[in-house]
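*Asks:* To start, I am sharing the structure in question, which I have written as structure tokens.
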Number of protein chains: 2
Amino acid sequence: MMTGFKAIASGTVTSPKGFLAGAVKAGIKSQEELDLAILCSEKPCVAAGVFTTTAIKAAPVILSQKHLKNKSARAIVVNSGCANACTGDSGMADAVDMAKLVAEKLGLSTEDVLVASTGVIGVPLPMERIRAGIREVVLTKEGGHELARAIMTTDTFPKEIAMSVDAKPGEFTIGGVAKGAGMIHPDMATMLCFLTTDAVVDARFLQAALQKAVDVSFNMITIDGDTSPSDTVVILANGLAGTETINSHNGELFQKALDEVCLYLAKCVARDGEGATKLIEVTVEGALNEEQARLAARTIAGSPLLKAAIHGNDPNWGRIVAALGRSGAKVNERKLDVYLNDVCVMKQGSPVPFDRQELGTSLAGKEVSVRLYLNLGRGKAVAWGCDLSEEYVTINSAYTS
Amino acid sequence: MMTGFKAIASGTVTSPKGFLAGAVKAGIKSQEELDLAILCSEKPCVAAGVFTTTAIKAAPVILSQKHLKNKSARAIVVNSGCANACTGDSGMADAVDMAKLVAEKLGLSTEDVLVASTGVIGVPLPMERIRAGIREVVLTKEGGHELARAIMTTDTFPKEIAMSVDAKPGEFTIGGVAKGAGMIHPDMATMLCFLTTDAVVDARFLQAALQKAVDVSFNMITIDGDTSPSDTVVILANGLAGTETINSHNGELFQKALDEVCLYLAKCVARDGEGATKLIEVTVEGALNEEQARLAARTIAGSPLLKAAIHGNDPNWGRIVAALGRSGAKVNERKLDVYLNDVCVMKQGSPVPFDRQELGTSLAGKEVSVRLYLNLGRGKAVAWGCDLSEEYVTINSAYTS
């Protein structure tokens, strides 16, 4: 029996059996762009979600959390161009209306519909356009690609994938789309990710598996340290592949495949950070424990000084060490080894001479690797970020008021 | 009896009685710039210090902390151009040598000399030049101005002040210099601050007063969230003003004046952040407690998205609220009021219409104020930062390797 998984060519969120999607130009962002989409399943789904941890949540996040309490859902409606955040009671009423309109269109109950919005904060949704848009959406098997484009804001490419898995509980597919730290107008950097699978999955296991996958992927990327009131990762499992029920006993490969899908999408988001020209991968090994490894890796990947240095192809490793030092992870400088693009620049806390020009040239590539060995314990973690370019500032200061 | 304080014209760190300083071009940074300085007192001093909290400390920090254990010191030697950080055992030997050379020059014991270095990480100090430079330094009453210039890296102006205080315990002066988030070559953003006073101050009170002053000033500024292995704030009190001994019972005005000196220097540092074109002041009132107010104010002042928006004169207040939301401070959105340059943009959690063009124009000024009322408690704090410009990135990616 095979037990493996592989990416499907042109895979997307509607690749698993029984999922349909569609998108329209509702005129929320502009007249020329897809900005409203619906994803739905032909059958009821077990569902799970992970949401922004910020204290100020957008109305759609609060509503979707409520609708997920029964661990089931069947459709997601999403718009870009307006985040429906900081919009008070009327914002919540608008989010409920979106769910209702989709429920009516598809013959579902309102609680079966999740809602996500991304875009400007503090501005009410143009409900007339959304109403008309929801009416116009046509759901198709290929619609996942349209949905992937409709949720883009300043993303420069759509982010979508599907993985077919041949596991002991049976064959199934996991699909996903994401949007990254992009702004519309520009405004909030919101991360959205919608995942689907046709596997039969135990509801409690699905939530735990999603949380695990998010922890090693979306929770390990950093563009600028800012968190959005709208961050949402949701998974729907409709069971149409007819597998055995996947749970904590037989779910190892499901977890691996889900991790892989989330990692792929998360790296796409990091690579496509605003103004980014390259992906930075930071690996921390030998930390006291995993928690400290995660802390160190994320702090280094998020350091503006390091990000700016990498942008300039500058092998300025002092900034790696400085970010590690302030991360809160325990460090013994005399045990520390640091590698930049596989070149050892610090060994046991002392600088190691290296060819500055050669390393500078290798830093000009599209991917940069930073690797630290703390030599204190067995904690390991990987984080991803992007370089910090002048364009990041230009994008984020060029609001035309 | 008067009880007040006022700034002294052209005041600097040598304005208090009995302090001398001098600086030379030792050739550490370049041939044309002051880069090595000594500050000393004619009499022994009670001393206190606050240092970087990072896990990887530069050798001079470790040495100065050791020399301050007896709560006394008499001289400080400082260089720019090389941080003497991540330099292993030989780096520590170099720091000790610097203290020894100054002690010999001035007839002090090595333990009386504190050391500070700022500049490139991971590169050994050019000890021959430092040795020669220390020999050449001439100490004068006006030398504080030279010292203020010698510690500059990418700072665009020297930061110095002195305040004369007429308090119940007697008249005295507090002086100070600082350098900010500047880079040399460029490398670490190090913050150094040297303070002096001729007041007679109880040693324990001095340490507590310095920590308090740092907490409301240097600990409330943020340029880019990166912390240096070299951050140092030190105060020397030589008692030459012949006041009563200032302690926790009679030290209120001393504390206020010290706060004021530190605030002035901290705001200079924020205003002169790399690539900065304006100062951003963030006030948070009505937090559950002071700790939460500090957290919220610092998080908002440090948000790259807000900093970029302010750079572009963009009244994009959603970013203020988003940063508040992720700060960790307790927030009830429905109670939240937000003001940008004194214009109310959010009241009790709902957007308030405002003249976008007028507010945009006012944001073009040199100082921008952000004010939030959480209406939950009595916690209040103020933090300072600067805008994020394309030039920050240019400065920090333009290492010429």
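*Asks:* Would you point out which residue out of A:Ala93, A:Ala55, A:Ala48, A:Ala9 is in contact (Cβ under 8 Å) with a residue 12 or more places away in the chain, at negative phi and of a type in the set (Gly, Ala, Ser)? Before you say what the answer is, go through the steps one by one.
*Replies:* On the way: A:Ala93 fails: in contact (Cβ under 8 Å) with a residue 12 or more places away in the chain; A:Ala55 fails: in contact (Cβ under 8 Å) with a residue 12 or more places away in the chain; A:Ala9 fails: in contact (Cβ under 8 Å) with a residue 12 or more places away in the chain.
Going through A:Ala93, A:Ala55, A:Ala48, A:Ala9 in turn, just one is in contact (Cβ under 8 Å) with a residue 12 or more places away in the chain, at negative phi and of a type in the set (Gly, Ala, Ser): A:Ala48.
*Asks:* Given the residues B:Gln255, B:Gln211, which is the only one that is away from chain A (no Cβ under 14 Å), out of contact with any His (no Cβ under 8 Å at 6 or more places or on another chain), touching a residue at least 60 places away in the same chain (Cβ under 8 Å) and among the polar types (S, T, N, Q)?
*Replies:* B:Gln211
*Asks:* Answer yes if at least one residue in the stretch B:303-323 is surrounded by fewer than 19 Cβ atoms within 10 Å (Cβ to Cβ) and without any contact (Cβ under 8 Å) to a residue 60 or more places away in the chain, and no otherwise. Outline the logic, then answer.
*Replies:* Going through the stretch B:303-323, the residues surrounded by fewer than 19 Cβ atoms within 10 Å (Cβ to Cβ) turn out to be none.
Taking every residue of the stretch B:303-323 in turn, none turns out to be surrounded by fewer than 19 Cβ atoms within 10 Å (Cβ to Cβ) and without any contact (Cβ under 8 Å) to a residue 60 or more places away in the chain.
*Asks:* Another question about this same structure. So for the stretch B:62-70 (the condition being over 29 Å from B:Asn247 (Cβ atoms) and either out of contact with any helix residue (DSSP H, G or I) (no Cβ under 8 Å at 6 or more places or on another chain) or outside any loop (DSSP other than H, G, I, E, B) (or both)), does at least one residue qualify? Break it down stepwise before answering.
*Replies:* At the first step, the residues of the stretch B:62-70 found to be over 29 Å from B:Asn247 (Cβ atoms) are B:62.
Okay, now just the ones that are also either out of contact with any helix residue (DSSP H, G or I) (no Cβ under 8 Å at 6 or more places or on another chain) or outside any loop (DSSP other than H, G, I, E, B) (or both), so B:62.
Scanning the stretch B:62-70 turns up at least one residue that is over 29 Å from B:Asn247 (Cβ atoms) and either out of contact with any helix residue (DSSP H, G or I) (no Cβ under 8 Å at 6 or more places or on another chain) or outside any loop (DSSP other than H, G, I, E, B) (or both).
*Asks:* Give the stretch B:340-377 a look and list any residue that's aromatic (Phe, Trp, Tyr) and within 12 Å of another protein chain (Cβ to nearest Cβ), or say none. Spell out the reasoning first.
*Replies:* Initially, the stretch B:340-377 is screened for residues aromatic (Phe, Trp, Tyr), giving B:354, B:373.
Listed by number, the list holds a single entry, B:Phe354.
*Asks:* In the list A:Leu388, A:Leu340, A:Leu374, which residue meets the criterion of being within 30 Å of B:Asp314 (Cα to Cα) and in the same structural domain as A:Asn289 (by TED's automatic domain parsing)? Before you say what the answer is, go through the steps one by one.
*Replies:* Working: A:Leu340 fails: within 30 Å of B:Asp314 (Cα to Cα); A:Leu374 fails: within 30 Å of B:Asp314 (Cα to Cα).
Criteria check complete, one pass: A:Leu388.
*Asks:* Please go through the stretch B:65-96 and give me each residue that is of a type in the set (S, T, N, Q), more than 17 Å from the chain's Cα centre (by Cα) and away from every other protein chain (no Cβ under 11 Å), ordered by number. Talk me through it step by step, then tell me what you get.
*Replies:* Pass one, the stretch B:65-96, residues of a type in the set (S, T, N, Q): B:65, B:70, B:72, B:79-80, B:84, B:87, B:90.
Within this subset, residues satisfying the condition of being more than 17 Å from the chain's Cα centre (by Cα) are B:65, B:70, B:72, B:84, B:87, B:90.
The answer is B:Gln65, B:Asn70, B:Ser72, B:Asn84.
A quick yes/no check of all residues on (1) modelled with pLDDT under 90; (2) in a helix (DSSP H, G or I); (3) surrounded by fewer than 22 Cβ atoms within 10 Å (Cβ to Cβ):
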site: B:Arg149; (1), (2), (3): no, yes, yes
site: B:Thr153; (1), (2), (3): yes, no, no
site: B:Ile174; (1), (2), (3): no, no, no
site: B:Val177; (1), (2), (3): no, no, no
site: B:Met191; (1), (2), (3): yes, no, no
site: B:Phe194; (1), (2), (3): no, no, no
site: B:Ala199; (1), (2), (3): no, no, no
site: B:Gln211; (1), (2), (3): no, yes, yes
site: B:Asp215; (1), (2), (3): no, yes, yes
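*Asks:* Here's another thing I want to ask about it. Among the residues that make up the stretch A:288-304, is at least one of them part of a helix (DSSP H, G or I), of a type in the set (Gly, Ala, Ser) and out of contact with any Gly (no Cβ under 9 Å at 6 or more places or on another chain)?
*Replies:* First, the residues of the stretch A:288-304 that are part of a helix (DSSP H, G or I): A:290-302, A:304.
Of the ones still in play, those that are also of a type in the set (Gly, Ala, Ser) are A:293, A:296-297, A:301-302.
Adding the requirement that they be out of contact with any Gly (no Cβ under 9 Å at 6 or more places or on another chain) leaves A:297.
Yes: one or more hits.
*Asks:* Take the residues in the stretch A:40-76 that are surrounded by fewer than 18 Cβ atoms within 10 Å (Cβ to Cβ) and of a type in the set (Val, Ile, Thr); name whichever of them is nearest to A:Gly144 (Cα to Cα).
*Replies:* A:Ile62
*Asks:* Mind counting the residues in the stretch B:290-302 that are surrounded by fewer than 24 Cβ atoms within 10 Å (Cβ to Cβ) and either outside the structural domain of B:Arg378 (by TED's automatic domain parsing) or in contact with a Lys or Arg (Cβ under 8 Å, 6 or more places away or on another chain) (or both)?
*Replies:* Within the stretch B:290-302, residues that are surrounded by fewer than 24 Cβ atoms within 10 Å (Cβ to Cβ) and either outside the structural domain of B:Arg378 (by TED's automatic domain parsing) or in contact with a Lys or Arg (Cβ under 8 Å, 6 or more places away or on another chain) (or both) number 2.
*Asks:* I've got another one for you. For the stretch A:344-353, indicate whether the set of residues that are over 17 Å from B:Ile56 (Cβ atoms) and out of contact with any strand residue (DSSP E or B) (no Cβ under 8 Å at 6 or more places or on another chain) is non-empty. Before the answer, list the steps.
*Replies:* From the stretch A:344-353, those over 17 Å from B:Ile56 (Cβ atoms) are A:344, A:353; that's our starting set.
Next, only the ones that are out of contact with any strand residue (DSSP E or B) (no Cβ under 8 Å at 6 or more places or on another chain) stay: A:353.
Yes, some residue in the stretch A:344-353 is over 17 Å from B:Ile56 (Cβ atoms) and out of contact with any strand residue (DSSP E or B) (no Cβ under 8 Å at 6 or more places or on another chain).
*Asks:* Within the stretch B:96-129, count every residue that is on the phi > 0 side of the Ramachandran plot and modelled with pLDDT of 95 or more.
*Replies:* Taking the stretch B:96-129 and keeping what is on the phi > 0 side of the Ramachandran plot, we get B:107, B:119, B:122.
After this cut, where a residue has to be modelled with pLDDT of 95 or more as well, the list is B:107.
Total meeting the criteria: 1.
*Asks:* Counting only residues that are away from every other protein chain (no Cβ under 14 Å) and either surrounded by fewer than 24 Cβ atoms within 10 Å (Cβ to Cβ) or part of a loop (DSSP other than H, G, I, E, B) (or both), how many does the stretch A:110-128 have? Break it down into steps so the answer makes sense when it comes.
*Replies:* Within the stretch A:110-128, the first condition is being away from every other protein chain (no Cβ under 14 Å), and the residues that meet it are A:110-116, A:126-128.
Remaining after also requiring either surrounded by fewer than 24 Cβ atoms within 10 Å (Cβ to Cβ) or part of a loop (DSSP other than H, G, I, E, B) (or both): A:110-112, A:126-128.
Of the residues in that region, 6 qualify.
*Asks:* Quick one: would you say A:Val261 is touching a residue at least 12 places away in the same chain (Cβ under 8 Å), within 30 Å of A:Ala148 (Cα to Cα) and either part of a helix (DSSP H, G or I) or β-branched (Val, Ile, Thr) (or both)?
*Replies:* Details: touching a residue at least 12 places away in the same chain (Cβ under 8 Å): yes; within 30 Å of A:Ala148 (Cα to Cα): yes; either part of a helix (DSSP H, G or I) or β-branched (Val, Ile, Thr) (or both): yes.
Criteria met by A:Val261.
*Asks:* Is it the case, given these coordinates, that B:Ala7 is under 28 Å from B:Ser90 (Cα atoms) and either hydrophobic (A, V, I, L, M, F, W, C) or crowded, with 24+ Cβ neighbours inside 10 Å (or both)? Let's see the steps before the verdict.
*Replies:* Values: under 28 Å from B:Ser90 (Cα atoms): no; either hydrophobic (A, V, I, L, M, F, W, C) or crowded, with 24+ Cβ neighbours inside 10 Å (or both): yes.
In short, no.
*Asks:* For A:Cys82, work out the one condition from (1) more than 28 Å from A:Gln255 (Cβ to Cβ); (2) surrounded by 18 or more Cβ atoms within 10 Å (Cβ to Cβ); (3) touching a helix residue (DSSP H, G or I) at 6+ places or on another chain (Cβ under 7 Å) it doesn't fulfil.
*Replies:* Every condition holds for A:Cys82 apart from (3).
*Asks:* For A:Lys29, indicate whether it is among the basic types (Lys, Arg), surrounded by fewer than 24 Cβ atoms within 10 Å (Cβ to Cβ) and modelled with pLDDT under 95. Break it down into steps so the answer makes sense when it comes.
*Replies:* On the way: among the basic types (Lys, Arg): yes; surrounded by fewer than 24 Cβ atoms within 10 Å (Cβ to Cβ): yes; modelled with pLDDT under 95: yes.
So A:Lys29 fits the description; yes.
*Asks:* As an exercise: evaluate B:Ser327 against (1) buried (at least 20 other Cβ atoms within 10 Å of the Cβ); (2) within 17 Å of B:Ala287 (Cα to Cα); (3) more than 9 Å from every other protein chain (Cβ to nearest Cβ) and give the number of the one condition it does not meet.
*Replies:* Only one criterion is unmet by B:Ser327, namely (3).
*Asks:* Which of the residues belonging to the stretch B:336-353 are in contact (Cβ under 8 Å) with a residue 12 or more places away in the chain and exposed (fewer than 14 other Cβ atoms within 10 Å of the Cβ)?
*Replies:* Across the stretch B:336-353, the qualifying residue is only B:Asp342.
*Asks:* Now for a different question. A:Pro315 is checked against (1) under 26 Å from the mean Cα position of the chain (by Cα); (2) closer than 30 Å to A:Phe157 by Cα and fails just one. What number does that condition carry?
*Replies:* Tallying (1) under 26 Å from the mean Cα position of the chain (by Cα); (2) closer than 30 Å to A:Phe157 by Cα, A:Pro315 fails exactly one: (1).
Each row is one residue, and each column tells you yes or no for (1) closer than 16 Å to A:Ala55 by Cα; (2) within 10 Å of chain A (Cβ to nearest Cβ); (3) under 24 Å from the mean Cα position of the chain (by Cα); (4) at pLDDT below 95.
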| residue | (1), (2), (3), (4) |
| --- | --- |
| B:Val282 | no, no, yes, no |
| B:Thr299 | yes, yes, yes, yes |
| B:Leu306 | no, yes, yes, yes |
| B:Leu336 | yes, yes, no, no |
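*Asks:* Sticking with this structure for a sec: Just to be sure before I move on: is A:Val382 over 30 Å from B:Gly312 (Cβ atoms), of a type in the set (Val, Ile, Thr), touching a strand residue (DSSP E or B) at 6+ places or on another chain (Cβ under 8 Å) and surrounded by 15 or more Cβ atoms within 10 Å (Cβ to Cβ) in the structure I sent? Lay out the reasoning, then the answer.
*Replies:* Details: over 30 Å from B:Gly312 (Cβ atoms): yes; of a type in the set (Val, Ile, Thr): yes; touching a strand residue (DSSP E or B) at 6+ places or on another chain (Cβ under 8 Å): yes; surrounded by 15 or more Cβ atoms within 10 Å (Cβ to Cβ): yes.
Yes, satisfied.
*Asks:* Kindly indicate which of B:Val102, B:Val46 is in a helix (DSSP H, G or I), closer than 24 Å to B:Leu240 by Cα and more than 14 Å from chain A (Cβ to nearest Cβ). Before the answer, list the steps.
*Replies:* Working: B:Val46 fails: in a helix (DSSP H, G or I).
Going through B:Val102, B:Val46 in turn, the sole match is B:Val102.
The values are calculated or read from the model by the stated rules, or taken from the named source; none is laboratory data. Predicted model only: the values in this text are computed from it and were never measured. Here Cβ is always computed from backbone atoms with ideal geometry, including for glycine, and neighbour counts include all displayed protein chains.
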